[in-house]
Amino acid sequence: MSTTRFPEGFVWGVSTSAYQIEGATTEDGRGPSIWDVFPGGRNGDPACDHYRRHGDDVRLMKDLGMAAYRFSVSWPRVMPTGRGRVNGPGLDFYDRLVDELLAAGIAPYATLYHWDLPQALEDEGGWTSRDTAHRFADYARAVHDRLGDRVGTWFTINEPWVAAFLGYGAGVHAPGRRSAAEAFTAAHHMLLAHGLGLEALRSAGVGRAGIVLNLSPVLTPGQLGDLDARPSEEDAAAVARIDALNNRQFLEPVLRGRYPADLLALVERTAGLGHVHDGDLDLIGRPIDLLGVNYYTPTAVQARPGAAADPAFPGSEDVLFCSVPTAVTAMGWPIVPSGLTLLLRRLSREYPETEMMITENGADFVDVLTADGIHDVERTSFIEEHLRALRVALEEGAKVRGYLVWSLLDCVEWADGYRRKFGLVHVDLETQRRRLKDSALWYRDVIARNGLPDGRTRRPTLETVAARAGVSRATVSRVVNGEASVSAEARDAVLRAVRELGYVPNAAARSLVTRRTDTVALVLSEPRHGGDALIAAIVRYVTSMLEGAGKQITLMLADTADSRRRVIQHVEARQADGVVLLPPDDHGPLAERLARTGVPVVLLGRPAVASLVPHVDVDDAGGAAAATAHLLGRGRRRIGMVCGPTDLVAVQDRLAGHRDALREAGLRPLLALAGLDRESGAAAAGRLLSDHPELDALFATSDDLAIGALRAARDLGRRVPEDLAIAGFGDIDAASCTTPALTTVRVPVEDQALALARLMLSRLDGRHAGPVVLPARLVVRDST
Ligand code: FCB
């Protein structure tokens, strides 16, 4: 095997799950699942509308050359109340899907449970009830009855750790319960469901079945830098405890038919052992044919007396979860490809007879869409590095039969919603248009040649150099920083790897030594619907300007308490020299918190509370006043306003500007409150126009709302601009394509980005800088 080729017959594909892509949550008799009811879920959303567009999606996979597709079957689609009656039309959908896959030459891999438990079963106790495991076996039988003649590979449960400990322990996933005892009980019942389900599949004649686990190597921070580092006894105990909870709790019962003793002690202390019945472990430990391994990132921990337990890891008191000093994905997950080698090496050593498949691996990055494509270098490089790491394990004899990328499509990322982008294929949520990202095209080549392209086209990382040279990351760092304390042999190996890989020593390497990273973190809060295009443009500009000034950019999302904490850790660990915070969320507290680390911070948008953090703002009030004055100048006197969410500072300012301009003309504002999207703009405008038919103009605080207003006006038979003038705000691309084209206020995107980049650079130079307010300019088109 050459260094870039994979074994003959190696299976390439992708994974998805039902809830994350199907949509159609009430169609054809589907019952509600816990994720439809969970407040953090996406009840009733079309998601990727895969239920209807499966034909297109299968075609996409065929064009990309996929050999296998791992999808999940939705239990509530097949059994709306989780038990009893089987819903024929629900099964028909999977029937069609499987036929299409086979016709396209793609092997269907079915996962029976990917977290969408029927709500009716949750009402009866969910996974804390033993009965749910038996109901799962009935359901498995029903699905097999229909698909078993064509589906050859079956997985029972996906990532029971996540479903049990995030769903029943930490409460951040459905069903949102927060009980350590329930989490342990749920985990056991999921394992029991695996055992019973497997038995059902076996008695129906299934030849290839297994389970999918999320496995993560657990290491101390010291070991991350140098695998040979010897942890202290306390640290080693912390590692063992988290490894028991995350990994061995599932590996040992499934592959050895027993719980590890240290884990059992934790369970007993927290939940008792009444839920573990005689015979359970025999069932759970029946042989499987394939272990699905989902790998994303390692876990770093050390002992910290007094630290409180993390609710996702009950029993983890006195353990500190540490940040990993390396590049991260937008989700904040550290990128450590060598963790995959490590994991597979361990599995091969401890369970040498077990065949494996990488059933999920992939990354969330902030993709920047351009007219000529989606150039997601980071994702390609993430996958490439992980494939190289996998290749090393294969070479050492790991029995890995295939690799499935998570995921085919940008889809619903559970409680994080649509803001996470894991897809090889971009999905426009408004039109459902699919667009291949560069990573998809690259993956197509990998599949076609059953191996990696010769020569590395991507940015190699410190990790890669370390792996190639067979030394630790710290050693690479020392060599590239010219330190003397490295043996001649190691130095030669590193320099050879640097040359072969075309590695440019970067931030991460230098930072280990110089404590200066030349990296700027670009932190995005939730790209709220409608704000996307503008923010993407700003990201693009700011990135290219700062890169032009020799800085590396790390994009991070700070949209949940958890991710905000990670951003703070990242900055506190001095992995960035500066932070640019982008709106539209209320980032006041985060900005202040980050500013206290002493790292320079600049903001886009005026913070809600008075702040010393320098920011770049647009003259929203002036822009709104100009738009209003323009309507008045066109002779309009009865002007209504479609007003976006007033918790946004920009909206407050636009409202104030509008009000001031009206007041000067002796008029008073008339508002209808709206959200951010076009539908809510249409609804608010519809209300205004029905209640006040005399209105002769509308001003909306954003173009999306104004586009909605145009639609409402048309529906009510109003002619724009003859008897109703409409103006928006923002000058998004769509504003010039409406009929009639929209008068609006241009927010100068490039100017904002330039000002932000300048502000950041002057702060990095240690210069003080005050706020910058940019003028907003009226753009008059046909709608007024
Ligand atoms: C895994 C899940 C999958 C997806 C990825 C990002 O834990 O199995 O559904 O959410 O993470």
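We did not get these values from a lab; they are worked out from the coordinates using the rules stated. Because the structure is predicted, anything quoted here is derived from the model rather than measured. Glycine also receives a Cβ, built like all others from the backbone with ideal geometry; neighbour counts cover every protein chain displayed.
Observations
- Ranked by how many other beta carbons lie within 10 Å on average, peptides 155-162, 750-757 from highest: 155-162, 750-757
- For Phe184, Phe38, the sequence from fewest to most other C-beta atoms within 10 Å is Phe38, Phe184.
- Förster-model FRET efficiency, 25 Å R0, Arg345 and Arg208, C-beta, rounded to 0.05: 0.55
- q = 0.13 Å⁻¹: log10 I(q)/I(0) that the Debye formula gives for segment 540-667, counting C-alpha atoms only: -0.66
- Per residue of the chain, the DSSP helices (runs of n ≥ 4 H) give a summed -39500 (n - 2.57) that works out to -12500 deg cm²/dmol at 222 nm.
- Peptide packing for 758-770, 49-61 was compared via the average number of neighbouring C-beta atoms within 10 Å per residue; ordered from the highest value, the list is 49-61, 758-770.
- FRET E, pair Asp149, Asp63, Förster distance 30 Å, beta-carbon r, rounded to 0.05: 0.65
- Nearest-ten-degree value, helix 377-395 long axis tilted from longest Cα axis of the chain: 0 degrees
- The lysines whose alpha-carbon is closer than 16 Å to the alpha-carbon of Lys421, local same-chain residues fewer than 8 away aside, are Lys437.
- To the nearest ten degrees, helix 649-664 and the longest principal axis of the Cα atoms of the chain are 10 degrees apart.
- Placing a label point 7 Å from the Cα of Ala665 along the Cα-to-Cβ direction, the residues of segment 711-743 whose backbone N falls under 17 Å of that point are 721-729, 743.
- Each of Arg85, Arg345 was scored by other Cβ atoms within 10 Å of its Cβ. Listed from fewest to most, they are Arg85, Arg345.
- Stokes-Einstein diffusion of segment 363-455 at 10 °C, 1.306 mPa s viscosity, Kirkwood radius from Cα pairs, rounded to a whole number: 111 µm²/s.
- Applying the criteria of a DSSP loop state and at most 14 other Cβ atoms within 10 Å to the GluC sites (Glu not before Pro) of segment 393-439 yields Glu396, Glu430.
- Label point distance in nm, Ala308-Val377, each placed 7 Å from Cα along Cα→Cβ: 4.2 nm
- Separation of segment 70-144 from segment 600-671 is 51 Å, based on Cα centroids.
- Environment charge at Gly666 (Cβ cut-off 15 Å; Lys +1, Arg +1, Asp -1, Glu -1): +4
- Once the mean of 1/r is taken over each pair of separate Cα atoms and inverted, the chain shows a Kirkwood hydrodynamic radius of 28.2 Å.
- Summing charges over all other residues whose Cβ lies under 10 Å from the Cβ of Gly306, with Lys and Arg as +1 and Asp and Glu as -1, gives -1.
- Residues whose placed amide H lies under 5 Å from that of Ala209, excluding near-sequence neighbours: Trp154, Asp289, Leu290
- Spatially, segment 243-313 and segment 338-400 are offset by 24 Å when compared through their Cα centroids.
- Listed by chain and number, the lysines whose alpha-carbon sits under 29 Å from that of Lys399, ignoring those within fewer than 8 places in the same chain, are Lys62.
- Shown for His630, His134: other C-beta atoms within 10 Å of each C-beta, ranked fewest to most, produce the order His134, His630.
- Each peptide in 243-256, 547-560 receives the mean, over its residues, of other Cβ atoms within 10 Å, and ordering these scores from highest gives 243-256, 547-560.
- Counting Lys and Arg as +1 and Asp and Glu as -1 over every other residue whose Cβ lies under 14 Å from the Cβ of Glu122, the net charge comes to -3.
- Pairwise FRET efficiency - Asn450 versus Arg540, Cβ, R0 = 56 Å, nearest 0.05: 0.95
- Segment Arg269-Val780, extension gain: residue separation times 0.36 nm, minus the distance between their alpha carbons: 176.9 nm
- Inter-part distance where segment 711-768 and segment 691-709 are each reduced to a Cα centre, Å: 15 Å
- Shape category assigned to segment 618-749 from the gyration tensor of Cα positions, a/c cut at 1.5: rounded
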